[in-house]
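A quick write-up on the structure given underneath.
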């Protein structure tokens, strides 16, 4: 009987030790400043990491915006491409009253721009310039959603400049044609 009890205890001890040896170690803690899940209210550089990976996606864009009889141009103007995160989606909603597409007077958008940004996401923003034919492109993009933004000036003046924003999604490394 003593031998049976000892064997049972030894077997139990071996099983407990084996179970401890095969258990996976706990995951490492998140890097400082990136604790917790993605947030619409907190800027987290890690949320943008997907956009920094080179991809095969491309955006070929053209400004074709008109307001009634007024034609607009972006020739020589900057065009920016911002990766979509919960934080930038909230920002676009604040600035443009939409997370998908908008054309608003540039002064209105500037008036809603916070004076001190919540975070510096400029390292993740891509920039290009509209050519003389109101065309622009971005290459080497990772799959995901992006915001294309430019300021369009009226040809002939007399009306306000317009801030144009559109959400664009890259899938399977394909080129996307976008008309602002």
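Couple of notes before you dig in:
- By the beta-carbon count within 10 Å of each Cβ, the least crowded to most crowded order of 51, 39, 122, fewest first, is 122, 39, 51.
- Computed lengthening from residue 133 to residue 179, 0.36 nm per intervening residue step minus Cα-Cα distance: 15.3 nm
- Largest first, the extents of the alpha carbon coordinates of segment 45-179 on the three principal axes equal 43, 33, 21 Å.
- Separation of the residue 101 and residue 120 label points, Cα + 7 Å toward Cβ, nm: 3.5 nm
- The label point for residue 58 and the one for residue 40, both projected 7 Å from the Cα toward the Cβ, are 3.5 nm apart.
- When 87, 50 are sorted by how many other C-beta atoms sit within 10 angstrom of their C-beta, beginning with the fewest, the order is 50, 87.
- As a rough guide to protection, the peptides 143-155, 58-70 ranked by mean Cβ packing within 10 Å, highest first, stand as 143-155, 58-70.
Bear in mind that the values in this text are calculations on the coordinates, not laboratory data. Everything numeric in this text was worked out from a predicted model, so none of it was measured. When we count neighbours, we look across all protein chains shown, and the Cβ atoms used for this are built from the backbone with ideal geometry, even at glycine.
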